[in-house]
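S.K.: There's a structure below that I have some questions on.
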RNA sequence: AGGCCAGUAGCUCAGUAGGACAGAGCGUUAGAUUCCUAAUCUGAAGGUCGCCGGUUCGAUCCCGGCCUGGCCUACCA
C-alpha cells in the first residue's frame, strides 16, 4: 500500500468528519513535507476548502486535526500558518513501510501498465551518416522512457524509425559510383558514405545535369531497380552496423528497426485514403491537407513532382502501427523544431479516425483517453547547440557521437587509474566506460527535456557535484559497506530490526518511500529528470548519512539496522540508475 | 507578421495539482581524512524568480500586455 495514499485516505475521512462534506466531492492530497522541521508529510487542502465552506482555513484545519482519534501510524498532527496540516508519522510505521517497500517486487514500482501497449519511437538517425551529438538526446531520453515504461508493466515496442529513404539516396548512389575506388567500395564505411554525400551534394549545386542524374537514380531506386536497390541495401546494412556498435556501447536496444522505407509500399493507398475522405486537395501542384480551421498551415502530403514526403510516411506509419500492434499510446521523441509537423500529422490522423492526440494546453496526458483510439504524443526536447551556434555539417562543427563518448571515457579513465592503481587495465577500462557514459547520460537526463542545451565539454563530462558519477559513487560506497559487512560476518540481511534513531536515517527512510512515485511520475510526464532529481537527492542524503554515521563500527544492533537501511538505498539506487540506462558498478 | 519554447545566484540549471524563509552543482570562501572509498561531507557569501498589470487569503507557478533570445511557418526530415 502506497504510504502517501494511506495517509491521504485517513485524512480524507477526518475532513469528512470535521466538515460534514461528502467524501466523493473531496480531493485530499498528502505530500512529503517541504521542510523536515514541519514534520514528515503535509496537507494543504484545508485552505482551498475555506472558500467553499466560507470558514477561516485555520478553523477548518483545526477541526480536521481534532475530528478523529489518531491512528497508530500517525504520531502527531499539527496546524501551522494559514492552515497547513503537518503530519508526523510513527517511526515504527515508517520502518515497516520502508521494509515492505524493499521486499516488494521492483522496489514498489506500480504495475500500472498491465495490459497496455506503448510504442516509443526514438533515436531515428539518418542512414549513411555518422551519429553526432545531436542524436544523443533522443537516444538517451527515449531509452530511459523505454526502460521506465517496461518497469511499470507496459508492453513496450521500441522502434528506431531510421531515415533510410530520402532524396539523399539519389545523390549517394551517384556519388558512390563516381567518387569511390574499387577498393573503397569493397570496404565501405559510413565515413566514406558521408564524404561521398557531401561531394555529390556540392556538385548538384553547380551542375544541373548531375542533379538530374541524382533524381533519376532516386526514381529508379523507388521503382525497385535491382542494382540501385542492392547498393541502397548496402548503405543501410553498413549504417546499421555502425549504429548498433554505438547502441551496444550505450546499452540501448530496439525491438524494431523500421525505417521510412518500410512504409514505402503503403504510401499510395494512404494518400488515396486521404483523398477518399475528402481531406486532401490539389494546391499549387501538390496534394495538401487544409488545416486552416485548426489554426495551422496546410500540410503537404504529396509533392508536386509526385513524390511523397515525411508527412505521408508518418501517417502511413501510424496506420501500420495501429493495425499491427493496437497500441494505447505512440510516443515520438524528437527535437522541438518538429512540433508543427507533429501537430499537423497528428491532426490528420485524428481526422481519418485512427488516433487521438492530447489537446494543446491539456494539463496532463494521464487523463484516460476519451476514446479507445491510440494517443499520439510528441515528446519534444530542446536542441543541443554549441556556444557559437547550431551544429551544421557545412560549417564542419559537428561532434561525432563516438568522439564524445571516447572523450568522456578517457577523462574517467584518468581518475580511475589514479584512484584504483591496483586494478587490472581491463577492469579500469570497463569501469571508465561505465563512468564516462554514465556522466554523459546523466548530464542529459537530469535536465528538463525542453531546456535548450548549449554543449560544452566541461558540462557534458562533469564527474563531480550533481553528476552521474556522484550517484555511481554513492552506490559503490553502499555496496562496499555491504560487502565488508559480509566479510566480517555481520548480519546485513532481512532479519535486523530497522531502527530510525537519527534524523538522517529517518530522512533516508522517507526518501525511499518516494521511489515508486518518482518512477511513475517521470514516466507519465515523459520526464526522466524527475527520476534523476529524485536519485540525486537520495544520494545526497545518503552521502551525509555515510559521512556522519558509522556503520560497521557501531554496536551490533545499530550496525545491523544501518546495514539494512544501506541495503535498501543500494536497491533503490541500483533500480533507479538502471531505469535511466546508467550502469552501476559495485566498486569505483 | 503569426505560432511554439525559454528568461530563476557570477556561470550552468532544478523547482507542474498556486503555499511556509526560492533550491542544487560549478566558481568564491572557511573547515572536516589516526575512523566503513575525500569522485565525499559541514558552514559562509551570493536572488526585485525579465518588466508591468490582473486573479487570489497567498503567484517563480495561473491570465493579459510588453521586452529579450532561440526555433518553426508549402513541397528536407
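S.K.: If you check A:583, A:527, which single one turns out to be surrounded by fewer than 24 Cβ atoms within 10 Å (Cβ to Cβ), over 27 Å from residue A:496 (Cβ atoms) and more than 11 Å from RNA strand B (Cβ to nearest atom)? Talk me through it step by step, then tell me what you get.
M.R.: Working: A:527 fails: more than 11 Å from RNA strand B (Cβ to nearest atom).
Only one candidate passes the filter, namely A:583.
S.K.: Among the residues of segment A:48-67, which ones are in contact with a helix residue (DSSP H, G or I) (Cβ under 7 Å, 6 or more places away or on another chain) and either more than 11 Å from RNA strand B (Cβ to nearest atom) or within 10 Å of residue A:85 (Cβ to Cβ) (or both)?
M.R.: Within segment A:48-67, A:53, A:60, A:61, A:63, A:64, A:67 qualify.
S.K.: Condition check: surrounded by fewer than 19 Cβ atoms within 10 Å (Cβ to Cβ), free of Cβ contacts under 8 Å to residues at least 60 places away in the same chain and in a helix (DSSP H, G or I). Does residue A:521 satisfy that? If you could, list the steps in order and put the result at the bottom.
M.R.: Values: surrounded by fewer than 19 Cβ atoms within 10 Å (Cβ to Cβ): yes; free of Cβ contacts under 8 Å to residues at least 60 places away in the same chain: yes; in a helix (DSSP H, G or I): yes.
So residue A:521 fits the description; yes.
S.K.: Please state which one of A:209, A:216, A:226 is within 16 Å of RNA strand B (Cβ to nearest atom) and over 39 Å from the mean Cα position of the chain (by Cα). Can you show your working first?
M.R.: Values: A:209 fails: within 16 Å of RNA strand B (Cβ to nearest atom); A:226 fails: within 16 Å of RNA strand B (Cβ to nearest atom).
Of A:209, A:216, A:226, the one residue that is within 16 Å of RNA strand B (Cβ to nearest atom) and over 39 Å from the mean Cα position of the chain (by Cα) is A:216.
S.K.: Let me ask you something else. With the structure loaded, tell me whether residue A:287 is farther than 23 Å from residue A:305 by Cβ, out of contact with any helix residue (DSSP H, G or I) (no Cβ under 6 Å at 6 or more places or on another chain) and at pLDDT 95 or above or whether it fails that test. Show your work before the answer.
M.R.: Details: farther than 23 Å from residue A:305 by Cβ: no; out of contact with any helix residue (DSSP H, G or I) (no Cβ under 6 Å at 6 or more places or on another chain): yes; at pLDDT 95 or above: yes.
No, not satisfied.
S.K.: Further question on the same structure: Quick one: which of A:66, A:76 is in contact with a strand residue (DSSP E or B) (Cβ under 7 Å, 6 or more places away or on another chain), surrounded by fewer than 20 Cβ atoms within 10 Å (Cβ to Cβ) and touching a residue at least 12 places away in the same chain (Cβ under 8 Å)? Explain how you work it out, then say what you get.
M.R.: Details: A:66 fails: in contact with a strand residue (DSSP E or B) (Cβ under 7 Å, 6 or more places away or on another chain).
Unique residue meeting the criteria: A:76.
S.K.: Give the residues of segment A:339-375 that are modelled with pLDDT of 95 or more and within 17 Å of residue A:142 (Cβ to Cβ), sorted by residue number.
M.R.: Within segment A:339-375, A:342 is the sole residue that qualifies.
S.K.: Only strands (runs of 3 or more DSSP E) wholly contained in segment A:240-356 count here; list those with 3 or more residues that are surrounded by fewer than 18 Cβ atoms within 10 Å (Cβ to Cβ).
M.R.: On the way: elements: A:280-283, A:286-289, A:299-302, A:329-335.
Because the criterion is at least 3 residues that are surrounded by fewer than 18 Cβ atoms within 10 Å (Cβ to Cβ), the strands (runs of 3 or more DSSP E) in segment A:240-356 that meet it are A:280-283.
S.K.: Mind checking which residues of segment A:9-45 are in a helix (DSSP H, G or I), crowded, with 16+ Cβ neighbours inside 10 Å and near RNA strand B (Cβ under 8 Å from one of its atoms)?
M.R.: Scanning segment A:9-45 gives a single hit, A:38.
S.K.: For the list (1) touching a residue at least 24 places away in the same chain (Cβ under 8 Å); (2) surrounded by fewer than 21 Cβ atoms within 10 Å (Cβ to Cβ); (3) farther than 30 Å from residue A:433 by Cα; (4) touching a helix residue (DSSP H, G or I) at 6+ places or on another chain (Cβ under 8 Å), I need the number of the one condition that residue A:537 fails.
M.R.: Residue A:537 satisfies every listed condition except (3).
S.K.: So if I check each of A:134, A:115, which one is surrounded by fewer than 24 Cβ atoms within 10 Å (Cβ to Cβ) and over 26 Å from residue A:456 (Cβ atoms)?
M.R.: Values: A:134 fails: over 26 Å from residue A:456 (Cβ atoms).
Result of the check over A:134, A:115: A:115.
The values are calculated or read from the model by the stated rules, or taken from the named source; none is laboratory data. From a predicted model like this one, the values you see are computed outputs, not experimental measurements. Ideal geometry is used to build each Cβ from the backbone, glycine not excepted, and the neighbour counts take in all protein chains shown.
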